Every structure is written in structure tokens, then in C-alpha cells.
Amino acid sequence: MVRLWLALRRARGWGALAGLRARPDKFGGVSVDLAELRRPLRLERAAFGRWLRGKCRAGAPGAAGRADAVARWREEGRVAIWLRIPILQSRFVAAAASQGFAFHHAEQGSSTLTLWLGEGPSRLPGYATHQLGVAGAVLDENTGKVLVIQDRNKTLNAWKFPGGLSNPGEDIGDTAVREVFEETGIKSEFKSILSIRQQHRHPGAFGKSDMYIICRLEPSSFNISFCQQECLRCEWMDLDELARTKHATPITSNVAKLLLYGYREGFDKIDITMREFPAVYTGLFYKLYHRELPESYRNFT
Ligand SMILES: NC(=O)C1=CN([C@@H]2O[C@H](COP(=O)(O)OP(=O)(O)OC[C@H]3O[C@@H](n4cnc5c(N)ncnc54)[C@H](O)[C@@H]3O)[C@@H](O)[C@H]2O)C=CC1
Ligand SMILES: [Mg+2]
């Protein structure tokens, strides 16, 4: 009899759920990570579905592997369930979806699904809403020339500042400096932010919103060696000419005029500069970007 029970248990994979933990969060939800399954291959998709539905009797008391998972969390007054599923265990996604779970987000190696159990519409925060692109307006103050490119992959060959998408965890200024170097071979240093463009439903952002920041950079090398895959043309152009030409993208045109104003009247008129501070999270720092604040106001108490 015991043998039969064990055989049944093994066949259905219920034992694989033992040891799975439900971790409460400070908002009243619970998180379950299927990466914690000890023998994921032994757990059948249907068995997982039954466990979620609350029709199996697997696992130890107190563990997430006990019966009535969703119903029990609902009774306990949990407001939400976060379910992380490693990509190789993706067969469980459909089982969870049939219980009302929906995708919250996916990373390269896993997806996270959520189910809102609380009163009224879901109050769970969404995932990433924007992609970030950063360009560098590299101005050689000695010659009044600015570095411009034409993209190889665009139908309209308009002049623009070199730039591209930010990598995860990358500072705005670092993206500008890196992209400028990769696309043109020019080395530069971050000075300030000049403009921020927000565009919703951007076709190049998979229909999401796009933030496009243009930074003012100071060059430390001048010999162009541009990337043949990404750029059609690249040159140092008179800032006056860029501000006047019709062959520039509208954003480039506007920012060229702003940069010209700063070049003539003083960059303090246009710069959004950066200061770094320790974050409340131990060991981390953040960067604060704002217009120049006089010393007397910085120390204002
Ligand atoms: N007004 C302006 O001056 C313009 C501003 N932007 C902004 O610049 C930022 C993006 O800059 P980019 O130079 O485009 O990024 P980027 O410099 O990071 O280059 C993107 C690379 O990905 C490749 N790529 C894109 N989609 C692809 C696909 N489906 N398959 C294969 N390869 C693909 C491209 O060919 C390119 O090599 C965005 O924020 C955008 O809004 C873009 C164009 C013009
Ligand atoms: Mg680019």
C-alpha cells in the first residue's frame, strides 16, 4: 500500500513540490519561485495545475507545496501571488494562466506571472514602461564644430547626433560616451544633459514609450573612424550650419540651436548638470540631474 502511494506520488510528481516556499512580501503578497523545485522534471504540468487549483495533497505543511495553494492564500488574505518560472519549466505557464495568472515580465532566463487576489482592480506595479536612448552632442569648442552622423539603416538620410540604447544598469553619460565611441571612434567626456524627449507608442521600442536624452560631451580625440555597419556618413560640422540645415532630424535641429545658444552665451544657460549622492540603500549611489544650484542654496538649511 505504501509502495503504491509512493509510486503514485512519483508518477504524478507531487513529491517534487515538497520544499517549495511561499515567501510573504511587505505588501501582503506571496512569491513562489519554481527554480526551487528539487526535481522539476518529475513534476507534470497537470500535477502542477491541480496543486494550484488545490486538488492535490502534496508537500509538507507550511510549505507552498501543501494543498489548496491559491484558495488558501486567498483565505489568508494575501493580496497577490508572484510566480517565477525558469524558462526550461515554461510548461507551467499555461497551467498558471488557466488559473487566472498573467505575465508580469520576462527576463532572459525566466518569466514572472502574477495573480491579484485583493479587493478591486490590481494595484500591482507594472514592469518597465520605457526604453532609454542616449545621444552625444560632441562640441569642439576650439573650432565650433559638432560631431554628426547619418544612420545607415534609415530611409531618410538626415544628420543626427551619434547615440543608441542604454545598457541595463548603465549611467546616462556613460551610454552617450560609449555610443559616440562605438559609432564614430571619437573619445569624449560627459558634461551635461541638454534635452529629454518622451515619445509613446514608439515603433523602435516595440510599441512602448521611448525616452531619448541628448547629452553635451567634450571631445578628447578628433580623428573620425566611424562604424560602417551603423553609419553612412560621419563628420565634424559647423554648429551654425547644423542649426540652419534642413537635412537634420527635427530633434537634432532644435538641440543644435540650443547648443549654439549655450556656446555663444555660456553653457550655464542650457546645462542640466549632474551630482552624485549616496543612496539610502547601503553601498549604492544615485545621480541627480538638475540646473546649476548656487552654493548658497545648496547649503540652505
Ligand atoms: N531624432 C533623432 O535624432 C533620432 C533619435 N533616435 C533615438 O535614438 C535611440 C535609439 O538609437 P539607435 O541609434 O537606433 O540605437 P543603437 O545605436 O543602439 O542601434 C541599434 C542597433 O540595433 C539594430 N537593430 C534594431 N532593430 C533591429 C532588429 N529588429 N533586428 C536586427 N537589428 C536591429 C540596428 O540596426 C542598430 O545597429 C532611441 O531612443 C530613438 O528614439 C533614433 C533615430 C533618430
Ligand atoms: Mg545608434
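The values are calculated or read from the model by the stated rules, or taken from the named source; none is laboratory data. Everything numeric here is computed off the predicted structure, so don't read it as measured data. Glycine also receives a Cβ, built like all others from the backbone with ideal geometry; neighbour counts cover every protein chain displayed.
Within region 268-297, the residues that satisfy the criterion of being within 18 Å of residue 136 (Cα to Cα), among the hydrophobic types (A, V, I, L, M, F, W, C) and touching a Lys or Arg at 6+ places or on another chain (Cβ under 7 Å) are 272, 274.
The residue that is nearest to residue 163 (Cα to Cα), counting only those in region 242-273 that are without any contact (Cβ under 8 Å) to a residue 60 or more places away in the chain and in a loop (DSSP other than H, G, I, E, B), is 246.
Please find, among 224, 213, the residue that is at pLDDT 95 or above, of a type in the set (Val, Ile, Thr) and in a loop (DSSP other than H, G, I, E, B). Reasoning before the result, please.
Numbers: 213 fails: in a loop (DSSP other than H, G, I, E, B).
Unique residue meeting the criteria: 224.
Evaluate region 106-113: report whether one residue or more is out of contact with any helix residue (DSSP H, G or I) (no Cβ under 9 Å at 6 or more places or on another chain), assigned to a strand (DSSP E or B), away from ligand 1 (no atom under 13 Å from the Cβ) and not assigned by TED's automatic domain parsing to the domain that holds residue 197. The answer is yes; a qualifying residue exists. Suppose we keep only residues that are of a type in the set (D, E, K, R), free of Cβ contacts under 8 Å to residues at least 60 places away in the same chain and within 17 Å of residue 147 (Cβ to Cβ) within region 178-200. Which one would you say is farthest from ligand 2 (Cβ to nearest atom)? The qualifying residue farthest from ligand 2 (Cβ to nearest atom) is 189.
Out of the residues in region 118-145 that are aliphatic (A, V, I, L, M) and more than 12 Å from ligand 1 (Cβ to nearest atom), state the one that is nearest to the chain's Cα centre (by Cα). Spell out how you get there, then give the answer.
Step one: filter region 118-145 for residues aliphatic (A, V, I, L, M), giving 124, 128, 132, 134-135, 137-139.
Now drop any that are not more than 12 Å from ligand 1 (Cβ to nearest atom), which leaves 124, 128, 138-139.
Details: 124: 17, 128: 5, 138: 26, 139: 29 Å.
Restricting to residues being aliphatic (A, V, I, L, M) and more than 12 Å from ligand 1 (Cβ to nearest atom), the top hit is 128.
Just to be sure before I move on: is residue 276 part of a loop (DSSP other than H, G, I, E, B) and on the phi < 0 side of the Ramachandran plot in the structure I sent? In short, no.
Could you identify the single residue in 182, 170 that is of a type in the set (Asp, Glu), in a helix (DSSP H, G or I) and within 15 Å of ligand 1 (Cβ to nearest atom)? Within the list 182, 170, the selection yields 182. Set side by side, the residues 89, 99 differ, and just one is at pLDDT below 95, more than 16 Å from ligand 1 (Cβ to nearest atom) and among the polar types (S, T, N, Q), which is 99. Yes or no: region 146-166 includes at least one residue that is away from ligand 1 (no atom under 14 Å from the Cβ) and surrounded by 11 or more Cβ atoms within 10 Å (Cβ to Cβ). No, region 146-166 contains no residue that is away from ligand 1 (no atom under 14 Å from the Cβ) and surrounded by 11 or more Cβ atoms within 10 Å (Cβ to Cβ).
Looking only at residues in region 226-256 that are within 31 Å of the chain's Cα centre (by Cα) and away from ligand 2 (no atom under 16 Å from the Cβ), the one that is surrounded by the fewest Cβ atoms within 10 Å (Cβ to Cβ) is 250.
Comparison of 77, 100 shows that the only residue that is touching a residue at least 40 places away in the same chain (Cβ under 8 Å) and either in a strand (DSSP E or B) or in the same structural domain as residue 16 (by TED's automatic domain parsing) (or both) is 77.
Residues that are buried (at least 17 other Cβ atoms within 10 Å of the Cβ) and among the charged types (D, E, K, R) within region 215-225 comprise just one, 216.
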